[in-house]
Amino acid sequence: MQESLAFTRLLNHLFGADVASLMRAVGVHPAHPAAPFDNTFALELMVACGLIVFFIVVRLSLSVDHPNPAQQIAEMIHDFTGSQAEQVIGHGYERFQAFATCVLLFILFNNFIGLLIGFPHIITPTSEPEVPLGIAVLTFLYYNFHGLRVNGLFGYLKHFAGPMWWLAPLMFPIEITSHLARMLSLTVRLYANMLASDLITLVAFSMIPFAVPVAALLLHFVVSVIQAYVFMLLGMIYLAEGTAQEH
C-alpha cells in the first residue's frame, strides 16, 4: 500500500470504518479495509472542495461596480465555456454550461496536481484510470439523460436508427456500440495522456540539468490544459448530438 497523505489518513480515521462496512454491505471488498481511502480519492476530493469554496466565495461577493479578482476569474471562465457551448450546442446551451464548466475545471485542476509531482506521495489523480472512468461515465449518463428528456424515448432511439428505416437493423447495434465505446474513449484518452506526462516528468526530475525538469513541467501544463479542454469539448459534442431534434 502506498504511503498516505495527511488528508488521506484523516479521511480514513474519520470515515474509513463506516465506508468499509458500507462497501462490504453492497458486495465490494476493499483491498485495505482499515484504509479504504487512497491518495487519489483524497486529492480529487480536495479539488472538488476547493472548487465549491471558490464558487461560494464568488457568489457571496458578487458586485457589479467593484468585482473582486475571484469574480473576474469566474466571469472569464463563464465567458469561455459559454462561447464554446454556444458554438457547439447552439440554442439552449445555457442549460448545459454549468456541467461543462465543472467538468473542465475538475479535470484541469486534477491534472495540475501533477505539477507537484516532486513532493512526497503526490500523484496526478487523472493518471489513475478510475478517475477518468468516473467522469466519462457521468458524462455518458448526463448526455443520454438529456437526450431522452428532450426527444422522448422513441424520438431518442431514432438517433440510433440511421437516416433510412431499412438501415435500422444494421445501424442500431453499430450506434449503440459506438455510444458505449465513448466511455472507453474518454477514459483512455485522458488516462493515457496524463500517465505518459507523469512518466516524462518523473524521468526529467531524475536528470541533473535544471532546464530538463522545467521543460517537462511546461509540457505537463500544456497537456493538462489540452486534455481538460478536449474532454469538455467532446462532452458538448455528445450533448449537441443527443439533444438535436428533427424538424
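None of 105, 157, 167 is part of a helix (DSSP H, G or I) and within 30 Å of residue 220 (Cβ to Cβ) except 105.
Taking the listed residues 186, 190, 218, the one that is out of contact with any Phe, Trp or Tyr (no Cβ under 9 Å at 6 or more places or on another chain) and either free of Cβ contacts under 8 Å to residues at least 12 places away in the same chain or not hydroxyl-bearing (Ser, Thr, Tyr) (or both) is 218, with no other qualifying. Does residue 58 satisfy being in contact with a helix residue (DSSP H, G or I) (Cβ under 9 Å, 6 or more places away or on another chain) and part of a helix (DSSP H, G or I)? It is true that residue 58 is in contact with a helix residue (DSSP H, G or I) (Cβ under 9 Å, 6 or more places away or on another chain) and part of a helix (DSSP H, G or I).
Inside the stretch 1-59, residues that are of a type in the set (Lys, Arg) and surrounded by 12 or more Cβ atoms within 10 Å (Cβ to Cβ) make up a count of 2.
Taking each residue of the stretch 33-51 that is over 16 Å from residue 102 (Cα atoms) and looking for partners that are aromatic (Phe, Trp, Tyr) with beta-carbon atoms closer than 6 Å, six or more apart or interchain, yields 42/7. Taken together, 243, 187, 177 contain a single residue that is out of contact with any helix residue (DSSP H, G or I) (no Cβ under 7 Å at 6 or more places or on another chain) and of a type in the set (Val, Ile, Thr), which is 177. When we screen 152, 162 for residues that are in contact with an Asp or Glu (Cβ under 9 Å, 6 or more places away or on another chain) and either in a helix (DSSP H, G or I) or free of Cβ contacts under 8 Å to residues at least 24 places away in the same chain (or both), the only hit is 162.
Values quoted throughout were computed directly from the atomic coordinates according to the rules given, and no laboratory measurement underlies them. These numbers were taken from a predicted model, which means no experiment stands behind them. Quick reminder, even Gly has a Cβ in these numbers, built from the backbone with ideal geometry, and neighbours come from all protein chains shown.
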